[in-house]
């Protein structure tokens, strides 16, 4: 039995998969933000009882709990809420302020009062050591053992919980970092070395990545230690930001690699579902209460090594996700110049949208959907929470008055404002989807849009229309997709080594250097339990034209030079085959594939969705008020077809189809919508 | 019939749509450009304009480009009859440019599929564009007397190749003669060719996306939204001005020197706020100089737009409407509105910062709780390079024997702010370019960074102290020419409300154990083993210090 567990703000999701029987089941527990382990342990305990009960008098063996794949929300929160360890930073003399100076730019051009995020290691815990290595790894100034001994004493005296070490050019010669690491670890200090975490050039990004690792390590250690204690004999695996998983033991050493595990799980789950539905190019769209995450999959989940978390640079491979501060809880207001704005302020869960009836008086995107009849008031969260339509209407009417709107023909003032709020929210999200597609050189029209956030189903088809996307996919149980993705994730380990060689270096020489990474990757993925037959190695090389500041990554093969020119042509529209090259980094991705959980499947039947029919409701379209049918998503079967305008209510999301949109339920119970023309 | 003004909803929707187009232009430019200066330091801007040349939307990149872009478009409109398939190019500071390395491309946008919606010239001469896309990028070299084209010059022609508004592309065909002439006058022609093609691609993207919007919403709707957004920005600015107390606010500050003559140059501004409008008058400012600290009018306009834009708040629109309630008077022949043939390289990078300082100093009197003390007030331009191979390059293997040009601007202290200290080691006001990583620099050039740290104690004391500057020490591993174009080496960044001034910056040459003070603006032939130490100014403090 394998279990995927994702801790969200409201719920902790559990997805169980039995590889023997192929069965898949999901359940949720309320999250326990004060101690996230509580919900996890409670959920696992419940599972234990259930298995006890199932064992029955006959004593049939139920599948044992073999493996748990888990996110690392604790590390993420420690970083974002700045509740990590008291962290020190050690670097080369002359560069103590490396973290504080960063790249010297400001994040907001026109805000005279904005500040950069403060470094995770405070100035009084940033230390220098006299030493210097040049770019070829030659020692210019050796490390002084006496100075190092004094540093160990100072760190101990300062009550430091975790230390990050990043020396200039340590990727070219790690010996000084290793000496420091040995001394600190001998003194019992938890230590992260940049040459271990990320042996790649560009000191600010390498240092930042190493410091994040040091900052979250103690928190992650305590948390995983506690889980491991409670569930001995179970293999714990941790989802990484690169879309793969690693063993808990490895994760504890390299916490920075799992900082974005939740969204990574979502992206992997989204791609797996889309692929099963026959789509390999997909825009994954996760619209939640306060923000929306979007990512693009082109034959696979895409990673970037130019990420940023909480305003701090990280250079380890991350799923390429773009986030905007617009969601169901985003507040609509009129600004000084008379424009209607949606967000970035959010009503959050408390007080929440006006319709939650918890004292929120400001209209949100959710209120607008309710006022337009697109969100059935009596069926929110499976009917567990009644929505106050009158409160939404009042809030939207006040907004309309502030904006001096006049009611559109046949509509109330509140409905007129609500249409505007939806349009503006969609404009925000359209812009986000363009960032991950157009800005990365893709035409959104070549992709399907997969919506899996709670608020996304109400907006997905309109957004698709605006972007020229022809297909929208809404999977069942969309809200547990992240936990599902963790189960679907392979074992993935990424390696990098800066080499900085002239492009004329013989391939055999590069291949020999790459072989060292390959041996390490093979051994470490095998140590994760992957059988050799299921391990694949993908050696890569970062190349650039001499003098350029940006590298491109291509597969490390004898033809890599031609591949580089071709890739440069494809991405940048020009190439200079005669220009000299620089070989910047060698990379390796080592993958141990795991058996994918199978999705529930049934053969398509009759298109008539009568069994799911819940009645008709008035709904406002841009063209006016119409009566539209309402369907129960849980009752839909493969083959069922629904034409818009219509609403389909699931337990965790509602899908709105406009006139012209045609939905069909595929054999995996996904709602697949052929998006109508504008 | 004029298009109906858009309602509050359309306004917001189109704000996102236009911003998205400008951002996509920026992405294309950054992706397809060749040079590190554009790709890594992001020294470029993209914007959209209406038929009259009013700026509608700008992708936020470099503030000094802000007010200058509309003047580039205006210069192209005035000088040329732009038809379908044409693209204008220019960099002449006296005809729509700011300084020579900043090359601007302007593309007219037509609606071809909707003949009925196309506005006609009154004389019936043909179609008129309904909008323009423009982008400006800082090219690492445009010729002139020194690598990097930021020399200590005495006349414009020494600073590089001058491009008046011309058609780089005519009816879809590149003007090869013009292109080859340009490339023959720069040091790195292939890099320039690549970057110009990237700029063409960016404008093409802008034209394509704006055309799509016109097809999706109709031309009248798009044009109505353009006017609506400019009016909206104007309303926001008027609200801002109405909220400031009426009055006349004067402030003066000085440039250290011009690199040729040692006298300081005073910049004076008088801001008269009356109701919803303001006059920004630079009368009293020093005459233009022999050295390159001369700013053209576009720079002065950019600085003015920047400071008012800052007071509007981060998410306000940035377009020509912001300038409508402002009257900017910059007397011709002064360092804030220079005439030919004055050199201008320092006007763009240094004087622009001082103009910002005086504007903020004046506005602090009207809005004391919203304006910080002076930030470092310079960009600390440092160029190290050779035009030919130099001996002594040692093991500098990857690039041995090649000429090189390393250009960098260095951060400094931000002024203390009412309510919080100024940030240390950060780029402020008119620039926001990134630094070159030490490890990237040592791979690329025969240079070694010995020290890169915060210059502690350089920020001015105050209730809210000024941010500290930076010290960057670079050792030369080969003989090379070093050019420094820096300010605030003599006159310190001011404090406000009783705060102390920040420390002025210093430029030092460390040679054989000796420390030699260098002038703020200088070119010298340095030797292998020399260390150039640039120590940047701290910001001024805000409020009297409390013990």
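Assorted remarks:
- Summed over qualifying helices (DSSP H, 4 residues or more, each -39500 (n - 2.57)) and divided by its residue number, chain B shows a 222 nm mean residue ellipticity of -8500 deg cm²/dmol.
- Across segment A:79-224, Cα pairs under 8 Å and at least six residues apart give a relative contact order of 30 percent.
- Crossing angle, helix A:145-157 versus chain A [Cα axis fit, 0-90 degrees, rounded to tens]: 40
- Residue order, fewest to most beta carbons within 10 Å, for A:138, B:61, B:16: A:138, B:16, B:61
- Tail beyond 45 Å, pair distance distribution of the protein assembly as shown (Cα, percent): 40
- Expected-Rg normalisation [2.2 N^0.38 Å, Cα atoms] applied to segment A:328-446: 1.13
- Theoretical gain in end-to-end length, residue A:23 to residue A:613 [0.36 nm per residue, Cα-Cα removed]: 209.6 nm
- The fewest-to-most ranking of A:366, B:270 by surrounding Cβ atoms within 10 Å reads B:270, A:366.
- Extension gain from residue A:158 to residue A:526, taking 0.36 nm per residue of separation minus the Cα-Cα distance: 128.5 nm
- When each of B:226, A:385, A:486 is scored by the number of other beta-carbon atoms lying within 10 Å, the sequence from fewest to most is A:385, B:226, A:486.
- Overall, the anisotropy analysis places chain B in the oblate class: the square-rooted eigenvalues a ≥ b ≥ c of its C-alpha gyration tensor yield a/c not less than 1.5, with a/b not exceeding b/c.
- With the cut-off at under 20 Å, measuring from each backbone N in segment A:19-47 to a point 7 Å along the Cα-to-Cβ line of residue A:53 picks out A:23-30, A:39-47.
- Between residue B:266 and residue A:515, the distance separating the two model label sites (each 7 Å from Cα on the Cα→Cβ line) works out to 7.6 nm.
- Computed from Cα atoms, the angle from the helix A:560-572 axis to the main principal axis of chain A rounds to 40 degrees.
- Calculated mean residue ellipticity at 222 nm for chain A: -9500 deg cm²/dmol, from DSSP H runs with n ≥ 4 weighted as -39500 (n - 2.57), summed, divided by the residue count and rounded to 500.
- Whole-number percent relative contact order across segment B:372-547, with pairs defined as alpha carbons under 8 Å at least 6 apart: 30
- At R0 = 60 Å, FRET efficiency that the Cβ-Cβ distance of residue A:641 and residue A:185 yields, to 0.05: 0.40
- Rough spin-label spacing in nm, given labels placed 7 Å along Cα→Cβ, for residue A:107 and residue A:394: 3.7
- Scaled radius of gyration (Cα, divided by 2.2 N^0.38 Å) that chain A gives: 1.02
- R0 of 60 Å, Cβ-Cβ distance residue A:445-residue B:420: FRET efficiency to nearest 0.05: 0.80
- Prolate/oblate/rounded call for segment A:625-676, Cα gyration tensor, a/c under 1.5 rounded: oblate
- Rounded, prolate or oblate (a/c below 1.5 giving rounded, otherwise prolate when a/b exceeds b/c) for segment A:495-592 by Cα gyration tensor: prolate
- Once the C-beta distance of residue A:35 and residue B:52 is scaled by a Förster radius of 56 Å, the resulting FRET efficiency is 0.35 to the nearest 0.05.
- Global size of segment A:270-312: 12.5, 37 Å for Rg and Dmax (C-alpha atoms, Rg to one decimal, Dmax whole).
- Only beta bridges with both residues in chain A are counted; by DSSP, about 75 percent of them are antiparallel.
- Near-label residues of segment A:635-678 by backbone N, under 12 Å of a point 7 Å along Cα→Cβ of residue A:625: none
- Model label points for residue A:386 and residue A:281, set 7 angstrom from Cα along the Cα-to-Cβ axis, are 4.9 nm apart.
Any read-out appearing in this document is the output of simple, stated calculations on the displayed coordinates, not a laboratory observation. Remember, it's a predicted structure, so these values are computed and weren't measured experimentally. Don't worry about glycine lacking a Cβ; one is built from the backbone with ideal geometry, like all the others, and counts go over all protein chains shown.
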